[in-house]
Amino acid sequence: MSGTFWQFQNVAMEPKPVQQPHPPIWFGARQAPALRRAVQHGDGWMGAGSSSTADFIEQYGLLRRFLDESQRDPATFTISKRVYLAVDNDRQRAERRLREWFGIRYRSAAMGSQCAIWGSTAECTDKLADLVRAGAQHLLLNPMFDDMEHLELLAQEVMPQL
């Protein structure tokens, strides 16, 4: 095999995937052309963590339209959403900490307030349930701080409610 930037001869690709014909391929996309490509070539879609719930709902609407237009069974296409999360009963502290994280990682503290879910356990559970009701079948939860505490809290109190 050869291309513009590479040349391979007698190269094996190991280990082979267990799934046949291949592992599911999920696309991340925000804009209509990319969402359409996800439907044409993928097995699923993950809404960006840096997009709000409102953005996810709008993008999911487009995705469903593209699934219908392509006469593709929605049951064969997984819908997911990455969620930046800050669970803390002190809502102001949760927002402050997630804004600090976004300020360091993305150089935009405001982005944290615009796209993340934060607040009390009950508030975060309600907001995550909104995503599930909007069509998310899978959630990739990305805690902003206190990872182990978040994992225990999510496993014991949040996920059973979803």
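The values are calculated or read from the model by the stated rules, or taken from the named source; none is laboratory data. In this text the structure is predicted, and so the values were computed from the model without any measurement. Neighbour counts are summed over all protein chains in view; Cβ atoms, including those assigned to glycine, are modelled from backbone coordinates with ideal geometry. We work out accessible area using only protein heavy atoms, side chains counted, and drop any ligands, DNA or RNA first. Shrake-Rupley method; radii C 1.70, N 1.55, O 1.52, S 1.80 Å.
Some points to look at:
- Cut-off 11 Å between beta-carbons: net charge of the residues surrounding VAL39, Lys and Arg +1, Asp and Glu -1: +2
- Prolate/oblate/rounded call for the stretch 1-75, Cα gyration tensor, a/c under 1.5 rounded: prolate
- Tensor-based shape of the stretch 56-130 (alpha-carbon gyration tensor, a/c under 1.5 rounded, otherwise prolate or oblate): prolate
- Backbone N under 18 Å from the GLN71 label point (7 Å along Cα→Cβ), restricted to the stretch 32-54: 39-41
- Computed helical MRE - 222 nm, the chain, DSSP H runs ≥ 4 contributing -39500 (n - 2.57), nearest 500: -13500 deg cm²/dmol
- Entry for mean projected area of the Cα convex hull in nm² (calculated from the structure that is shown) out of (1) 17.2; (2) 11.1; (3) 13.0: (3)
- When DSSP beta bridges are restricted to pairs lying wholly in the chain, around 5% turn out antiparallel.
- Distance between the modelled labels on ARG93 and SER108, one decimal in nanometres: 2.9 nm (7 Å Cα→Cβ projection).
- By average C-beta atoms within 10 angstrom, highest first, the peptides 6-13, 69-76: 69-76, 6-13
- Residue-normalised accessible area of the stretch 40-161, expressed per residue, 1.4 Å probe, Å²: 53 Å²
- Relative contact order (percent, whole number), the stretch 1-118, Cα cutoff 8 Å, 6+ residue spacing: 21 percent
- From the Kirkwood radius over Cα pairs of the stretch 91-162, Stokes-Einstein at 20 °C and 1.002 mPa s returns a whole-number translational diffusion coefficient of 167 µm²/s.
- Split the accessible area of the chain by element, probe 1.4 Å, and carbon with sulfur accounts for 51%.
- Distances between placed amide hydrogens fall under 5 Å for PHE27 paired with ASP43, GLY44, TRP45, MET46, all partners being 5 or more residues away or on another chain.
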